[in-house]
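Colleague: Below is one structure. I have some questions about it.
The values are calculated or read from the model by the stated rules, or taken from the named source; none is laboratory data. The structure presented is a predicted model; accordingly, all values stated were derived computationally and were not measured. Every residue, glycine among them, receives a Cβ derived from its backbone with ideal geometry; neighbour counts consider all protein chains shown.
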Amino acid sequence: MKFDTPAGQNPIDRLKVVGQPTDRIDGKYKTTGTAPYAYERHDVTPSQAYGYVLGAGIAKGGIRGMDTSIARTAPGVLAIVTTLETPRMERGTMNTAYLFGGDQVQHYHQAIAVVVAETFEQARAASFLITVDYTPETGKFDLAAEAKSAKPVKGDSGEGSGGNGEERVGDFEGAFAKAQVTFDEIYATADESHAMMEPHATVAAWEGDKVTLWTSNQMITWAHESMAKILGIPKANVRIDSPYVGGGFGGKLFVRADAVLAALGAKAAGRPVKVALTRPLIANNTTHRPATIQRVRIGATKDGTITAIAHESTSGNLPDGDPETAVSQTKLLYAGANRLTAMKLALLDLPEGNAMRAPGEAPGLMVLEVAMDEMAEKLGIDPVEFRVRNDTQVDPHAPDRRFSHRDLVGCLKLGADRFGWAKRNAKPGSLRDGQWLVGVGVASAFRNNMVMKSGARVRLDEQGTVTVETDMTDIGTGTYTIIAQTAAEMMGVPLDKVVVRLGDSDFPASAGSGGQWGANSSTSGVYAACVKLREAVAQRLGINSADAVFEDGQVRSGNRGVPLGEAAQGGLTVEDTIEFGELSKTYQQSTFGAHFVEVGVDVHTAEIRVRRMLAVCAAGRILNPKSARSQVIGGMTMGVGAALMEELAVDTKRGFFANHDLAGYEVPVHADIPHQDVIFLDEVDPISSPMKAKGVGELGICGVSAAVANAVYNATGIRVREYPLTLDKFLDRMPDAA
Amino acid sequence: MKSFTYERPSSPSEAAAAVARTPNAKFIAGGTNLLDLMKLQIETPAHLVDVNGLGLDTIEPTPEGGLRVGALVRNTDLAADARVRKDYAVLSRALLAGASGQLRNKATTAGNLLQRTRCPYFYDTAQACNKRQPGSGCSALDGVSRQLAVIGGSEACIATHPGDMAVAMRLLDANVETVDAKGSSRKIPMAEFHRLPGDRPEIDTTLKAGELITAVTLPKPLGGTHVYRKVRDRASYAYALVSVAAVLQPDGTGRAAFGGVSHKPWRVEAAEGDLPRGAKAVTDKAFAGAKPTHQNAYKLKLAERTLMAAIHEARA
């Protein structure tokens, strides 16, 4: 099905199942431990051996030799594959760093060997018996030091944010120089780790020259193509299966060393092999959100109309790597006749920087939305009002291009009302509650809405059960449920008459889970397949499909009603793919929100604790308010982490992230997160898809950290322009508490 | 994890003898720290002597009017004990500020005293660390040191003792009771139990090889108001950036000890006399001679302000 004109009335609009706050259909499996994750696929193939990945102990240089002789004789060892005996392997389609092979070390904890043994403990113990002769080289590890040599760069996160090296509208410098009120500051954001609960893990088994990988991956089609490329075998000889994913956040968009080394280990051992990356390898072996240094300049008239806005960002990466596209949202979020956005990239020898939840917008809004707060104060205008005043309904770079639907102002106004923004004390540092200095902050949320081609197969059986198969993934987001809701709505059956099967590369190719495009795109693919199935059913029953009403497990036409299963004599299977036309180019499609946060800052120790949070989101039709809310509160929680504690601590001398476990890399715990409110504006976006939905999975994190930082300023009168806002950065500026 | 042998002795002195006679042997109690370190091959004992079956798990009054806490009393039980809560509240609060409920259920009194540092370089076997591998150097000195010691460190090591319980025990002038392979016992004052790294950072305490902790005794109650104030980057389940254990009397006198700042719980009795003058007077004296790194210099100001918070809390 081609989607190239705005959606009209369709069966989804009945909203009997879609749009209802439905429990996860896979919830009972997850809560009873019967939803197997990759490392727990014990039943898929017998005699699984364990692989343990050894990571390089230097950040850059060569490997002269590796002595595995003692390790090979260690108890239980079945095989060892080293990087020296393996020519450097091709990279997957989306990889920057090489995953395995050759004698060069590009980054710390690059995989240099896999030890396969009968047990995990034996494999791990033997890995310690491998000695490596390195020839270390000096590397570049300090973004602040390398920023001077950074070069302008184009970049695309692959997730809907991006830009050319430098993009301009009008004359920024001229307008900024003439502006009545100006603002110019520099900020920094930290390297962050996805820190998902389930580590990267794969079970690999060869059958002749064919390999099956039971893995944990967000994007089956990318993984399929990448593994064929890396292993140098035809795609037809690779099968990927990933029905449950214990969190990804972008860290599992691309195949990683677990999949490659499980495949190599299984080949070497002549047995199926399972590999999970250990927690330290997740920080330094896989990808991370790169740190940035950002400068924002805003010029405005005294009444708060922005006349000039510039956002520049510098980040670092390995050769061939992309920049963090942190300026992307600034092209679209606010009006202003004169504009400049620019990105620079420095070469760094740290592990690969790549997509993490809302790449670009998350760190970009961490800065832009603090700058907006600072500018509002400078202008003496309420920060909500300042944002409202500079709203735009068109793409400022192409003013005849409208937003498909944009209600940022509605989010800000409703949020302000519900949060009690009017009671805010505009004078910072003036509200105290016991030991706490109390403040509130606001930020806009913005994330582009991507639509991606997505296919599905639907099968109807004689009992009237509808089975949906697509290689779409559920990374904890609720995909199983919204796909079931879509099929149930389309076919007029209850949810328990729908079976959803996901994550298998033998199923039709889907959009996959990334860039918050998954929910809208994959359900649209299921919609397309169901439209086809409805036509097939109508044809079999000899009724005009336009007259057929699918409800209550029946197909009705006039006075005639037939149980749905009757149309499925011998089974009825159809397949279709939704393909999106030019609407995403004709219109700018984005999602919007507003975050409101109240914090307390300890008057003595400067510890920051969040007290209250509210998000108002405008993201088209909400397919399942319950799982959508979970997505948003998860994003809000991650935003608190980025604001207050999350930082991969760079050892700039030795070139690695030193705090590479979950004791050192702190993420929020329950005690850090207060009551969180989420409100979805009741809206539809017919330009986005037949579902009239958009993404929310990444919108939830966008802007949260800035709202926290703005609340800290409101509480203390102290601006901290370097994330995370740990107390060591501003304790010396805290007011006397004695 | 390296393969190891394992035994369960039937008495404390047998346990001590077993560790003394076996090369590279270690005691294991709750295992909440040792097992993690063994998996990472930071600790590689050849033999484990499991002391869990030895009793040593009661809390009893002493003739001096204090409490004797068995070495194997679990952190959860110690924190919840009515006598501890009433007379040694600072200890109860310190315990509850540490780890998680699950870990406290397993962790023991003796094991908590012996937990090892959380310096990131100690935890990465590819990096130089004198504590893990004597003579290899200290990567922390010019590395990531935000969490590490500001006082009492050396050119060889700036690791901290990461615990909370020991800070309260140091404040209370507890004594560590031990037994050795010959069956003789001794008492080690908490002030002397943890050592400074000097040029032997691999040695955390003054215990002799094979010496087994059997109990910790608490002197008779001090009265006063008890405060344990732990500052960290998140609300729970994190090591202290700085912590303060304090007992303050109505007349403004009292005691104060600091965690997260040194290789041992940091208490300078000579500085405590200045408590009535306020936090700064105390920390100026207690931290005289501090040698922070660029990354952890903030801890000096934080120690002062955390003590201020503790004093404020005690007066409230």
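Colleague: Somewhere in the range A:61-79, is a residue more than 26 Å from B:L40 (Cα to Cα) and in contact (Cβ under 8 Å) with a residue 60 or more places away in the chain? Break it down into steps so the answer makes sense when it comes.
Modeller: Our first condition is that a residue be more than 26 Å from B:L40 (Cα to Cα); within the range A:61-79, this holds for none.
No, the range A:61-79 has no match at all.
For (1) touching a residue at least 40 places away in the same chain (Cβ under 8 Å); (2) within 14 Å of another protein chain (Cβ to nearest Cβ); (3) assigned to a loop (DSSP other than H, G, I, E, B); (4) surrounded by fewer than 18 Cβ atoms within 10 Å (Cβ to Cβ), each residue gets a yes or a no:
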| position | (1), (2), (3), (4) |
| --- | --- |
| B:Y228 | yes, yes, no, no |
| B:D233 | no, yes, yes, no |
| B:A240 | yes, yes, yes, no |
| B:V244 | yes, yes, no, no |
| B:F258 | yes, yes, no, no |
| B:A281 | no, yes, no, yes |
| B:G289 | yes, no, yes, yes |
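Colleague: Now for a separate question. If I ask for residues that are outside any helix (DSSP H, G or I) and on the phi < 0 side of the Ramachandran plot, which ones from the range A:359-394 would you list?
Modeller: Within the range A:359-394, A:P359, A:I381, A:D382, A:N390, A:D391, A:T392, A:Q393, A:V394 meet the criteria.
Colleague: Which one of these does A:S557 not meet: (1) closer than 30 Å to A:V684 by Cα; (2) modelled with pLDDT of 95 or more; (3) not hydrophobic (A, V, I, L, M, F, W, C)?
Modeller: Here A:S557 meets the rest and fails (2).
Colleague: Can you say whether A:A7 is touching a Pro at 6+ places or on another chain (Cβ under 6 Å), assigned to a loop (DSSP other than H, G, I, E, B) and farther than 30 Å from A:G139 by Cβ, as far as the supplied structure shows?
Modeller: So A:A7 passes the test.
Colleague: For the range B:246-256, give me each residue that is within 18 Å of B:A281 (Cβ to Cβ) and in a loop (DSSP other than H, G, I, E, B).
Modeller: Result: B:Q249, B:D251, B:G252, B:T253.
Colleague: Given the criteria at negative phi and out of contact with any Leu (no Cβ under 9 Å at 6 or more places or on another chain), does B:V167 qualify?
Modeller: Yes: the conditions hold for B:V167.
Colleague: Against the conditions (1) part of a loop (DSSP other than H, G, I, E, B); (2) surrounded by fewer than 24 Cβ atoms within 10 Å (Cβ to Cβ), where does A:R611 fall short? Just the number, please.
Modeller: All conditions are met except number (1).
Colleague: Okay, moving on. Out of the residues in the range A:711-738 that are among the acidic types (D, E) and outside any loop (DSSP other than H, G, I, E, B), state the one that is nearest to the other protein chains (Cβ to nearest Cβ).
Modeller: A:D728
Residue by residue, here is whether (1) within 30 Å of A:T221 (Cα to Cα); (2) of a type in the set (K, R); (3) modelled with pLDDT under 95; (4) surrounded by 18 or more Cβ atoms within 10 Å (Cβ to Cβ) holds:
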| residue | (1), (2), (3), (4) |
| --- | --- |
| A:Q435 | no, no, no, no |
| A:G439 | no, no, no, yes |
| A:S444 | no, no, no, yes |
| A:T467 | yes, no, no, no |
| A:D496 | yes, no, no, no |
| A:S513 | yes, no, no, yes |
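Colleague: Considering each residue of the range A:105-121, count those that are farther than 16 Å from A:T287 by Cα and facing chain B (nearest Cβ under 9 Å), and give that number.
Modeller: Of the residues in that region, 1 qualify.
Yes/no matrix, rows are residues, columns are (1) more than 21 Å from A:I633 (Cβ to Cβ); (2) surrounded by fewer than 19 Cβ atoms within 10 Å (Cβ to Cβ):
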site: A:G655; (1), (2): yes, no
site: A:H660; (1), (2): yes, no
site: A:D672; (1), (2): no, no
site: A:D677; (1), (2): no, yes
site: A:S689; (1), (2): yes, no
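Colleague: Are there any pairs with C-beta distances below 7 angstrom linking a residue in the range A:123-148 that is more than 14 Å from every other protein chain (Cβ to nearest Cβ) and touching a residue at least 60 places away in the same chain (Cβ under 8 Å) to a residue that is part of a strand (DSSP E or B) and charged (D, E, K, R), with the two at least 6 apart or on different chains, and if so which?
Modeller: A:T135/A:R64
Colleague: Also: Confirm whether A:I622 is under 29 Å from A:I718 (Cβ atoms) and at pLDDT 95 or above.
Modeller: Considered against the rule, which asks whether it is under 29 Å from A:I718 (Cβ atoms) and at pLDDT 95 or above, A:I622 comes out as no.
Colleague: With A:F419, A:F403 as the choices, which residue is under 24 Å from the mean Cα position of the chain (by Cα), at pLDDT 95 or above and farther than 30 Å from A:K252 by Cβ?
Modeller: Step by step, each of A:F419, A:F403 is checked, and only A:F403 is under 24 Å from the mean Cα position of the chain (by Cα), at pLDDT 95 or above and farther than 30 Å from A:K252 by Cβ.
Colleague: Another question, then. How about the range A:682-710: which of its residues are within 25 Å of A:G247 (Cα to Cα), of a type outside the set (A, V, I, L, M, F, W, C) and in a loop (DSSP other than H, G, I, E, B)?
Modeller: If the condition is that a residue be within 25 Å of A:G247 (Cα to Cα), of a type outside the set (A, V, I, L, M, F, W, C) and in a loop (DSSP other than H, G, I, E, B), then A:K694, A:G695, A:G697, A:E698, A:G700, A:G703 are the ones that fit.
Table: residues versus (1) within 22 Å of A:G410 (Cβ to Cβ); (2) out of contact with any Ser or Thr (no Cβ under 7 Å at 6 or more places or on another chain); (3) at the interface with another protein chain (Cβ under 10 Å from one of its Cβ atoms); (4) not polar (S, T, N, Q).
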position	(1), (2), (3), (4)
A:E607	no, yes, yes, yes
A:V610	no, yes, yes, yes
A:N624	yes, no, no, no
A:G634	no, yes, no, yes
A:G641	no, yes, yes, yes
A:K653	no, yes, yes, yes
A:D677	yes, yes, no, yes
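Colleague: Right, next: Check B:R85 against each of (1) in a helix (DSSP H, G or I); (2) touching a helix residue (DSSP H, G or I) at 6+ places or on another chain (Cβ under 9 Å); (3) surrounded by 21 or more Cβ atoms within 10 Å (Cβ to Cβ) and name the one condition it does not meet.
Modeller: All conditions pass for B:R85, except number (3).
Colleague: Next question, about the same structure. Hey, among the residues in the range B:103-114 that are away from chain A (no Cβ under 14 Å) and among the aliphatic types (A, V, I, L, M), which one's farthest from B:T178 (Cα to Cα)?
Modeller: Ranking the qualifying residues of the range B:103-114, first place goes to B:A107.
Colleague: Ok, one more. In the range A:23-59, how many are within 14 Å of chain B (Cβ to nearest Cβ), of a type outside the set (A, V, I, L, M, F, W, C) and not in a loop (DSSP other than H, G, I, E, B)?
Modeller: First, pick out the residues of the range A:23-59 that are within 14 Å of chain B (Cβ to nearest Cβ): A:50, A:52-59.
Checking the rest, the ones that are also of a type outside the set (A, V, I, L, M, F, W, C) come to A:50, A:52, A:55, A:57.
Subsequent filtering for residues that are not in a loop (DSSP other than H, G, I, E, B) retains A:50, A:52, A:55.
Here the count works out to 3.
Colleague: Out of the residues in the range B:39-64 meeting the condition of being away from every other protein chain (no Cβ under 14 Å) and assigned to a helix (DSSP H, G or I), tell me which one is surrounded by the most Cβ atoms within 10 Å (Cβ to Cβ).
Modeller: First, pick out the residues of the range B:39-64 that are away from every other protein chain (no Cβ under 14 Å): B:47-64.
Narrowing the set further to residues that are assigned to a helix (DSSP H, G or I) leaves B:52-54.
Values: B:N52: 15, B:G53: 12, B:L54: 21.
Out of the qualifying residues, it is B:L54.
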